[in-house]
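The values are calculated or read from the model by the stated rules, or taken from the named source; none is laboratory data. Just so you know, these numbers come straight off a predicted model, no measurement behind them. Glycine also receives a Cβ, built like all others from the backbone with ideal geometry; neighbour counts cover every protein chain displayed. Heads up: the accessible areas ignore ligands, DNA and RNA and are worked out on the full protein's heavy atoms, side chains in. Shrake-Rupley method; radii C 1.70, N 1.55, O 1.52, S 1.80 Å.
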Amino acid sequence: MTVTVSAVGSLHDIAAADWDALAGDSPWLSHALLSALEDSGAVGAHSGWRPAHLALWRDGQLLAAAPRYLKTHSRGEYVFDWAWARAYAQHGLRYYPKQLCAVPFSPIPGPRLLAGDAASRAALAQALAAEQDGVSGCHVLFAQQADRAALLDAGFALRLGVQFHWFNQGWPDFAAFLAALRQDKRKKIRQERNKVARAGVTVRTLVGREIGEADWAFFERCYRHTYHTHGGEPYLPLSFFLQLGERLPQCCVLFIAERHGAPIAASLCLRDAERLYGRYWGALEEVDCLHFELCYYVGIEYALAERLAVFEGGAQGEHKLARGFTPVETCSLHRLQSPMFQQAISRWLAEEAQAVRGWIDEQSAAGPFKSCSQNPPGLVV
């Protein structure tokens, strides 16, 4: 029996069935989504994301794997290490390229060491930690609890973060969810939804194959317009969204806002059997509170109707707390090849983790619900 480890330059070099057998049912780790990123040029080429997926083979059969990229910048990651890169530069060292084990452009927690047993998981962690010429280190973003022990044993340092997730507590509809909130939170949400309704805006929900090519084109136009409005360049081209709709239709949920019969904004979510994942949005017209409506409230309504357990609202945004979302602890793990920088950053991350946990405890205790039992303590994903 021979076990080997290799870097794979394209997901197409691994059979989709073999990859998906390890990845499970998460759309974010699926062969279809990750290969669509490559095929559309969102990663690879001149994007600064070069695929170098890690594969563990036994007698030619895929035993374990990890989605990995060589990065020449830190954009599109949602775990910020710009200060680390500046510190390297100040010491005359190169921070880029670096290894990144993550799902590009998506702060969605999930498994990163795709392995069926602890031994294979440990082997992947050791391979990620191995030194490479010209690479400053390796970063594993938004990893699940199951990956932590193997990565810590391999010399990675833990970094905590916070996201905001909505948890379905069995409410039959949105009105029942509102009734569980404190009066001030309930009033605020009603006011925000009424502003959108008074502006003449209605929202249409499209799922799966109901999303046509024209709908994808409109959504991408909104997405691109909002990036440009904020002075940025969008990461994802229209070809990616078209491929997403073709390859993973069962996971796609598109909300389109219309006013006087004309579409003006859209938001895209993905879903699996248990969770709705809020991801991208954009608007061509400014409507007060439309962002809250499209990105939170219609998503909650959809999750309730579909009896989904969790609605992940994406990265950042303390304002989500007032809208029924709960702070959850996320983690990334980091290993720099420079012992000096690894020691310094490890100390800083330990202090940061203490502050993050304290903040989560405070916010959880002051949650938006009337009953303290409905304000769950800071959760770990």
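Some notes on this structure:
- Selection of the stretch 48-87 for residues being touching a residue at least 60 places away in the same chain (Cβ under 8 Å) and among the small types (Gly, Ala, Ser) yields ALA64, ALA66, GLY76, ALA87.
- Residues in the stretch 209-238 that are in contact with a strand residue (DSSP E or B) (Cβ under 6 Å, 6 or more places away or on another chain) and either at positive phi or part of a loop (DSSP other than H, G, I, E, B) (or both): 1 in all.
- Unmet criterion (only one of (1) surrounded by fewer than 19 Cβ atoms within 10 Å (Cβ to Cβ); (2) more than 27 Å from ALA118 (Cβ to Cβ)) for SER35: (1)
- Given (1) over 22 Å from ASP173 (Cβ atoms); (2) modelled with pLDDT of 95 or more; (3) buried (at least 23 other Cβ atoms within 10 Å of the Cβ), number of the condition ALA257 does not satisfy: (1)
- Those helices (runs of 4 or more DSSP H) lying entirely in the stretch 102-189 with at least 3 residues closer than 29 Å to SER364 by Cα: 145-153, 174-179
- Taking each residue of the stretch 358-381 that is within 9 Å of THR326 (Cβ to Cβ) and looking for partners that are modelled with pLDDT under 85 and open to solvent by 50 Å² or more (accessible area, probe 1.4 Å) with beta-carbon atoms closer than 6 Å, six or more apart or interchain, yields SER364/PRO377.
- Tally, over the stretch 60-84, of residues that are basic (Lys, Arg) and surrounded by fewer than 18 Cβ atoms within 10 Å (Cβ to Cβ): 1
- Those residues of the stretch 85-105 which are open to solvent by less than 20 Å² (accessible area, probe 1.4 Å) and either modelled with pLDDT under 95 or over 18 Å from GLU38 (Cα atoms) (or both), in sequence order: ALA85, TYR88, TYR95, LYS98
- Taking the stretch 327-348 as the range and being open to solvent by less than 10 Å² (accessible area, probe 1.4 Å) and either touching a Pro at 6+ places or on another chain (Cβ under 7 Å) or aliphatic (A, V, I, L, M) (or both) as the test, the residues that pass are VAL328, THR330, LEU333, LEU336.
- Among the conditions (1) out of contact with any strand residue (DSSP E or B) (no Cβ under 8 Å at 6 or more places or on another chain); (2) open to solvent by 60 Å² or more (accessible area, probe 1.4 Å), ALA179 misses just one, which is (2).
- Where a residue in the stretch 188-200 is aliphatic (A, V, I, L, M) and its partner, wherever it lies, is modelled with pLDDT of 95 or more, with Cβ under 6 Å and at least six apart: VAL196/CYS289; VAL196/LEU290; VAL196/GLU293; ALA199/VAL287
Here is a yes/no grid of residues against (1) in a loop (DSSP other than H, G, I, E, B); (2) open to solvent by less than 30 Å² (accessible area, probe 1.4 Å); (3) under 25 Å from TRP49 (Cβ atoms); (4) not small (Gly, Ala, Ser):
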| position | (1), (2), (3), (4) |
| --- | --- |
| PHE240 | no, yes, yes, yes |
| GLY245 | no, yes, yes, no |
| PRO263 | no, no, no, yes |
| CYS269 | no, yes, yes, yes |
| ILE300 | no, yes, no, yes |
| PHE311 | no, yes, no, yes |
| GLY314 | no, yes, yes, no |
